[in-house]
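The structure under discussion appears below in the form of structure tokens.
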Amino acid sequence: MAKTFECARALILEKISVLPTESVSLLDVVGRVLAEEIRAPWDLPRWDNSAMDGFAVRAEDCGPMKPLLIDGYIPAGGTADGIFVSPGRAVRIMTGAPTPPGCDTIIPVEETEETDDRVLINGRVRVGAHIRVRGEDVQKDEVVIVAGSVLRPAEINMLASFGFKTVAVFRRPKVAILSTGDELVEPGEPIGPGQIVNSNAYSLAAAVREVGGEPVLLGIARDNRQSLTEKMNAGLQADVMITTAGVSMGDRDLVCEVLQEVGVERLFWKVDIKPGRPTAFGLKHGKPVFSLPGNPVSSMVTFEEFVRPALLKMMGHRRHIKPFVKACLQETISKKSGRTQFLRVRVVDNGERLIASSSGDQNTGILRTMLRANGIAVLPADREKIEAGEEVDIHMIAAVADFDVSI
Ligand code: AMP
Ligand code: MG
């Protein structure tokens, strides 16, 4: 019996485990998921320091008629050793330099006038101004980044600020991609009658890379046991295998049979969805194997809805399923009851709300409609018709479009 969309996806996520961790250089961790908790090894900033280029002073000494004697200089990278702000004196200081003892305020250079060895402070002085206090950002031993965080430039700056050169992150899955079919040729090869180009491998590789995995192209298996067995055994060396085509009911659709022969335990075959009904999922020693349909649109949509969440879980992400965006349907859509329908839509922001309209011909064979789409509306299985104006749930696959831009 075919599984419902929700059951199939839940079963996949239940069976997927998080990959082991590895230590990776800060230069290569953007987008990766942190596998350890980071505590501050020291206060940040490490000492009280100046937030401006200017003068370190005692606020009480400053006044319009009271020039201060300039006595000392602390550049960035310098120390305040042996320097002290005595009454009636000012120490020249650069941004980031440690504030010398005795001072309670920094006066920015823009608010001063210098003559010879003296400086006159114009304007009002606020005690404590422009001093960055030790530990005001982060205190020693505080948790600054929790395990499971996605590393963005901001997290990477924090890690580098604390002197980390490498951090523990979850491994990226190697994802073997196997195209199947006697009719397939690779891009660039001569194409004969009845042949089509193996385009799925390229869009799936791109999708794997976009999520953060490492695609491994296995090439094309022909529709016979020997070829499929050989390629599948190679693919099972990776962390995940994706096959496309050969999962329908045709007499050359051998993918499911051969997967079982090479030891993949089938967890489901056929899901009540459109497109993508023949999708299958299995495991070999815990390694996930996704068998996606051959139609380019079906393979992309089933990747998005089943494989993507699985890869995110393997990489340690805490959120696996994209949150839905709600948009108003522009036109009434009739659908088959009993199947969740993935409608390719174009979502635009009209300034008041998000509006979703079909991106064109929804036939599985129509690839163009996928190019125009920036979202996949997930229409519930139990509905036969969604009326214009109703709100629908959308998985965005690109940014919301501006109202006046159309392609
Ligand atoms: P099948 O499930 O094997 O009957 O394939 C369904 C449809 O998808 C057929 O029209 C195939 O030619 C097409 N197809 C299969 N594999 C690929 C591929 N790798 N790239 C593009 N189209 C494919
Ligand atoms: Mg085929």
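The values are calculated or read from the model by the stated rules, or taken from the named source; none is laboratory data. What you see is a predicted model, and the numbers here were worked out from it, not measured in a lab. Because the Cβ atoms are built from the backbone with ideal geometry, glycine has one as well, and the counts that use them run over all protein chains shown. Heads up: the accessible areas ignore ligands, DNA and RNA and are worked out on the full protein's heavy atoms, side chains in. Shrake-Rupley method; radii C 1.70, N 1.55, O 1.52, S 1.80 Å.
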If you scan region 342-401, which residues turn out to be under 21 Å from residue 302 (Cβ atoms) and among the hydroxyl-bearing types (Ser, Thr, Tyr)?
358, 359, 364, 369
Out of the residues in region 244-253 meeting the condition of being within 9 Å of ligand 2 (Cβ to nearest atom) and without any contact (Cβ under 8 Å) to a residue 40 or more places away in the chain, tell me which one is surrounded by the fewest Cβ atoms within 10 Å (Cβ to Cβ).
250
Residues of region 293-317 being within 13 Å of ligand 1 (Cβ to nearest atom) and of a type in the set (Phe, Trp, Tyr), which ones?
303
Quick check on region 260-268. Is at least one of its residues within 16 Å of ligand 2 (Cβ to nearest atom) and under 23 Å from residue 216 (Cα atoms)?
no
Search result, residues across region 271-295 that are in contact with a Gly (Cβ under 9 Å, 6 or more places away or on another chain) and away from ligand 2 (no atom under 16 Å from the Cβ)
272, 284, 285, 288, 289, 290
Consider residue 282 carefully, then state whether it is modelled with pLDDT of 95 or more, more than 16 Å from ligand 1 (Cβ to nearest atom), under 22 Å from residue 17 (Cβ atoms) and surrounded by fewer than 21 Cβ atoms within 10 Å (Cβ to Cβ).
no
When residue 307 is run through (1) closer than 30 Å to residue 18 by Cβ; (2) in contact with a His (Cβ under 9 Å, 6 or more places away or on another chain), the failure sits at (2)
Restricted to region 41-73 and to residues being small (Gly, Ala, Ser) and open to solvent by less than 20 Å² (accessible area, probe 1.4 Å), the residue farthest from residue 136 (Cα to Cα) is 63
Could you list, in sequence order, all residues of region 207-233 that are under 14 Å from the mean Cα position of the chain (by Cα) and open to solvent by less than 60 Å² (accessible area, probe 1.4 Å)?
207, 208, 211, 212, 213
Lone qualifier among 291, 359, 299 - being surrounded by 19 or more Cβ atoms within 10 Å (Cβ to Cβ) and touching a Cys at 6+ places or on another chain (Cβ under 8 Å):
291
Which of the residues belonging to region 16-55 are free of Cβ contacts under 8 Å to residues at least 60 places away in the same chain and among the charged types (D, E, K, R)?
28, 53
Checking residue 182 against (1) touching a residue at least 60 places away in the same chain (Cβ under 8 Å); (2) away from ligand 1 (no atom under 15 Å from the Cβ); (3) under 23 Å from residue 258 (Cβ atoms), the condition it does not meet:
(2)
When you look at residue 298, is it over 23 Å from the mean Cα position of the chain (by Cα), within 16 Å of ligand 2 (Cβ to nearest atom) and under 20 Å from residue 3 (Cβ atoms), yes or no?
yes
